[in-house]
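The structure under discussion appears below in the form of structure tokens.
Values in this text are rule-based calculations from the coordinates and carry no lab data. Being a predicted model, the structure only gives us computed values, none of them experimental. Note: ideal-geometry Cβ built from the backbone for every residue, glycine included; neighbour counts use all protein chains shown.
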Amino acid sequence: MASTTENGAGSVGAGHQSEADRLKEAGWFSRLVHRPEIGAFSGMVVLLVLLALAAGDVVYNPLGIKNNLAIIAQLGIIATGACMLMIAGEFDLSIGSMIGFAGMSMAVMLKWGLPFGLGPASPLAAFLITLCITLAIGWLIGTIVVRTRLSSFIVSLSFLFILRGATEVCFRTFNGSTQVSGLPDYKQTDFFAALFGGETFQWFYDVLFWLGLNFNRAGGQWVTGFDAKVAWWLVIAGAAWFVLSRTQVGNWIYATGGNEEAARANGVPTDKVKVSLFMFTAFCATIFAATQVFDTNTADAAKGNLKELEAIAASVVGGVILSGGFGSIIGVVFGAVIFGLVQNSVFYISWIDGSYYRTFLGTVLLVAALSNETIRKRFTGGI
Amino acid sequence: MSEPLIRLENIVKRFGNFTALGGVSMEVHPGEVHALLGDNGAGKSTLIKVLAGVHQPTSGAIHVDGQPVVFRNPLAASDAGIGTVYQDLALNPLTSVTRNFFMGREITKGTRPFGILQTAEMNRITREEMARIGINIADPEQAVGTMSGGQKQTLAIARAIFFGARVLILDEPTSALGQKQQLEVLKTIKQVRSRGDIAIILITHNEVHAQLVADRYTFLSLGQVIGSGVAEDLGGEDIRRLMAGGAQMADLEEELAAIH
Ligand SMILES: Nc1ncnc2c1ncn2[C@@H]1O[C@H](COP(=O)(O)OP(=O)(O)OP(=O)(O)O)[C@@H](O)[C@H]1O
Ligand SMILES: [Mg+2]
């Protein structure tokens, strides 16, 4: 048959082909479409459009943008830490309790003074002492994980309980009740407190005001600036993006999560990488707590509850793979936007019961996890 | 004959009460492929792990260029020029060819470990080094997981050589591959051998592959050397017999024939 001859000729021709010819030079568009962040990005765009249609102005007016971004930024800060650690192949379930612990530590010091009767605490001192403690705890969690080779799921789960318990005990011991409220409004008087609790990017709202889009009822300027946490989020995510994608440790983090044995055999200090990242999640949790304490001038023992799971979920929505070795900070930025928006905005849609938001989040998470799995299979050849 | 690059002297390795290696000696010469053969559990992997610094020998000595050395860890061995390509190849399937090539030894500007990766330069070197041992890769940024098994082998070999391996240890490099890719890896081995300055230790269960590339043989059985020699002196029959641990292949074949 004619077709047989043709096939025969074709296979002879294939003998001259080199492996390199089989991969077509990809155009910029195809490269873009194959980026790992593309799923999260499209999800975000769809969500933004749907929200504009369903809730409209409430979400996109000056106050709506400010409030949404505050929620998104908070989540984004801890999701950045969770994402880095997940790429290195580990989990930290203690993030939420760490937030509660750090908030307690700062608030108790601000209210009752420094430990050992060293006098009243300035916001800077309270923050720095707290940071030392939380970094030490992060170091401890990481060290236990790498020394014992226990699963980080279990070790950090233990610290979820330990830290929450310690937070309550410290509150009761030093403060009498499990919350501190009515701290002085430090952000008005203290530069350092304003860094966490004040406002940022005021120019954005100034411009809106000049454009006539930012008036209150009295005709003055309505919203004056974003919460400082937005700047913290951008700085932390920017630094993490740079480290992960452009530096040597970035490659070590991917290598550690992708194939730990291989990384170690090639001289990557995998244990140090992991311990540092546990300290980084503790750092992110502390920043989260600081923005909360200095914004609201309160703290209580329940703060940060379930935040560790939201951080992990936002990372997964952003394309990070649970088994490690793959993911990007840009994806997680989109993941935080999606997660924060749903969390905050479903309440603005009048014809949906706001309580559905968790159902939405769960669905989004499931879809994201499935699509991540497809991507992983494409890269590993289906195992 | 050239000086041996590596000389192993009476290497003993015990795991608790179990003697994995009971006094193994062998010599490895530059520009030669040394086939290390033996049945399952003979101690081949254990021997090369001792050589690669993964295990410390219970007793015995390793000489590199005639000097006695002690490898406390894999890094010390690789600093001494011993490059091991493990069965799992020590690759991270989810990241790019370049990132794998330079894993742990990245080219950077700035202070460790936050130095900035010199991606363009690393891509260029990766492409060149892969091409030198016969594989053209179109895109060094492609994920390693998308490469063929033979290409992955080549990547691991190219990496070991680029980072100064004078002894290349290959543990069953062809075992998981299809026919064509097996030949591709053998071609790579010959390519490396023809440079003349690198010694290759090849572990395989495939006598045909061994005969295609090996210059020298060592046969292990139950942790002992039961035979060794150069290729010219060994016939296919000897090789097959010694590979099976010295048992009479004829006996085994008879036993096989008796089972229906
Ligand atoms: N870490 C260890 N602890 C205890 N026993 C070990 C250890 N490593 C290897 N052994 C034992 O040493 C013996 C030799 O194992 P080795 O892996 O060196 O065999 P091999 O020749 O590479 O076999 P194969 O051809 O199946 O790969 C085996 O009986 C094995 O069970
Ligand atoms: Mg073996």
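Compute the distance from the alpha-carbon center of the stretch B:162-211 to that of the stretch B:83-111, in whole Å.
Rounded to whole Å, the Cα centres lie 20 Å apart.
With an 8 Å cut-off on Cα pairs and a minimum separation of 6 or more residues, tell me the relative contact order of the stretch B:1-141 in percent.
18
Based on Cα positions only, what radius of gyration and what Dmax would you give for the stretch B:8-86, in angstroms?
Gyration radius and largest Cα-Cα distance of the stretch B:8-86: 12.1, 38 Å.
Test of understanding: in a Gaussian network model of chain A with alpha carbons linked when under 10 Å, which of A:LEU50, A:LEU131, A:LEU114 would top the mean-square fluctuation ranking?
Evaluated over chain A, the most mobile residue of the options is A:LEU50.
For peptide B:104-110, what's the mean number of Cβ atoms from other chains within 10 Å of each residue's Cβ?
What the average comes to for B:104-110 is 5.
Taking neighbour Cβ counts within 10 Å as the exposure measure, how do A:PHE161, A:PHE201 sort from fewest upward?
Placing the least packed residue first, the sequence is A:PHE161, A:PHE201.
Using a Gaussian network model of chain A with C-alpha springs under 10 Å, which one of A:ALA314, A:ALA289, A:ALA239 is most mobile by mean-square fluctuation?
Among A:ALA314, A:ALA289, A:ALA239, the largest mean-square fluctuation in the Gaussian network model of chain A belongs to A:ALA239.
Which FRET efficiency, nearest 0.05, do A:LEU234 and B:ALA258 yield, Cβ-Cβ r, R0 51 Å?
Calculated transfer efficiency: 0.10.
Please give the contour-minus-distance gain from B:ASP65 to B:PHE114: 0.36 nm per residue of separation, less the Cα-Cα distance, rounded to one decimal in nm.
So the extension gain works out to 14.0 nm.
Mind checking the angle between helix A:357-380 and chain A's longest principal axis? C-alpha axes, 0 to 90 degrees, to the nearest 10.
Once rounded, one gets 40 degrees.
About its Cα centre, how strong a charge dipole does the stretch A:226-336 have in debye, to the nearest 20, once Lys and Arg get +1 and Asp and Glu get -1 at the Cβ?
Roughly 220 debye, rounded to the nearest 20.
Per-residue mean of other chain beta-carbon atoms within 10 angstrom of the beta-carbon, peptide B:145-155?
Mean shielding count: 2.
Among A:MET109, A:GLY81, A:PHE294, whose Cα projects farthest towards the positive end of the dipole of chain A, with charges put on the beta-carbon of Lys, Arg (+1) and Asp, Glu (-1)?
Farthest towards the positive pole: A:MET109.
Give me the Kirkwood hydrodynamic radius of the stretch B:134-221 in Å, from all C-alpha pairs, to one decimal place?
Over the stretch B:134-221, the inverse of the mean reciprocal pair distance is 13.8 Å.
Could you calculate, for chain A, the ratio of the Cα radius of gyration to the Kirkwood radius, expressed as Rg to Rh?
1.06
To make sure I understand, if each residue's beta carbon is the centre and we count other beta carbons within 10 Å, what order do B:GLU128, A:GLU260 fall in, fewest to most?
B:GLU128, A:GLU260
Select from A:ALA285, A:ALA302, A:ALA237 the residue whose mean-square fluctuation is largest in a Gaussian network model of chain A (Cα-Cα springs shorter than 10 Å).
A:ALA302
Rounded, prolate or oblate: which fits the stretch B:1-40, taking a ≥ b ≥ c as square roots of the Cα gyration tensor eigenvalues, rounded meaning a/c under 1.5, else prolate when a/b beats b/c?
oblate
To the nearest 20 debye, what charge dipole does chain A have about its Cα centre, counting +1 at the Cβ of each Lys and Arg and -1 at the Cβ of each Asp and Glu?
For this selection, approximately 380 debye.
Can you compute the radius of gyration and Dmax for the stretch B:6-258, using only the Cα atoms, both in Å?
19.1, 70
Between A:SER181 and A:LEU50, with labels modelled 7 Å along Cα→Cβ, what's the label distance in nm to one decimal, could you check?
The answer from the label model is 3.6 nm.
In nm, give the distance between the simple-model label positions of B:ARG72 and A:PHE347, each being 7 Å from the Cα along the Cα-to-Cβ direction.
Simple spin-label model gives 5.9 nm for this pair.
For A:PHE215 and A:ARG246, what does the FRET efficiency come to when R0 = 51 Å and r is the distance between their Cβ atoms, rounded to the nearest 0.05?
0.75
Could you list A:LYS274, A:LYS187 so that the one with the fewest beta carbons within 10 Å of its beta carbon is first and the one with the most is last?
A:LYS187, A:LYS274
In the stretch B:158-243, which trypsin sites (Lys or Arg not before Pro) fall in coil by DSSP and have 16 or fewer other Cβ atoms within 10 Å?
Answer in residue order: B:ARG195.
Specify the angular offset, from 0 to 90 degrees and rounded to the nearest 10, of the alpha carbon long axis of helix A:152-170 from the longest principal axis of the alpha carbons in chain A.
Once rounded, the angle reads 10 degrees.
Along the charge dipole of the stretch B:6-258, pointing to its positive end and built from +1/-1 on Cβ of Lys, Arg, Asp and Glu, which listed residue (B:MET243, B:PHE102, B:ASN92) has its Cα farthest out?
Most positive-ward Cα: B:PHE102.
Restricting to Cα pairs below 8 Å that are 6+ residues apart, what does the relative contact order work out to for the stretch B:6-258? Please round to a whole percent.
27
Alpha carbon centre of the stretch A:268-325 versus the stretch A:329-368: separation in Å?
19
Within 10 Å of each Cβ in peptide A:272-281, how many partner chain Cβ atoms are there on average? Round it to a whole number, please.
0
Among A:GLY362, A:PHE283, A:LEU208, whose Cα projects farthest towards the positive end of the dipole of chain A, with charges put on the beta-carbon of Lys, Arg (+1) and Asp, Glu (-1)?
Farthest towards the positive pole: A:PHE283.
Between B:SER175 and A:ALA302, with labels modelled 7 Å along Cα→Cβ, what's the label distance in nm to one decimal, could you check?
Each label point lies 7 Å from its Cα, and together they span 5.8 nm.
Report, for the protein assembly as shown, the % of DSSP beta bridges that are antiparallel, rounded to 5.
65
In the structure displayed, which of A:LYS272/A:LYS377; B:LYS152/B:LYS190; A:LYS111/A:LYS274; A:LYS111/A:LYS272; B:LYS109/B:LYS152; A:LYS111/A:LYS187 lie more than 25 Å apart, Cα to Cα?
In this structure, A:LYS272/A:LYS377; A:LYS111/A:LYS274; A:LYS111/A:LYS272; B:LYS109/B:LYS152 lie more than 25 Å apart at Cα.
Of the beta bridges DSSP finds with both residues in chain B, what % are antiparallel, to the nearest 5?
Antiparallel: roughly 60 percent of the beta bridges in chain B.
If you take the alpha carbon radius of gyration of the protein assembly as shown and divide it by 2.2 N^0.38 Å, what ratio comes out, to two decimals?
1.20
Placing unit charges on C-beta atoms (Lys and Arg positive, Asp and Glu negative, everything else neutral), compute the dipole magnitude of the protein assembly as shown about its Cα centre in debye, rounded to 20.
For this selection, approximately 1360 debye.
Quickly rank A:98-105, B:204-211, B:226-233 as a protection proxy: mean count of other C-beta atoms within 10 Å, highest first.
Ranked by mean Cβ neighbours within 10 Å, highest first: A:98-105, B:204-211, B:226-233.
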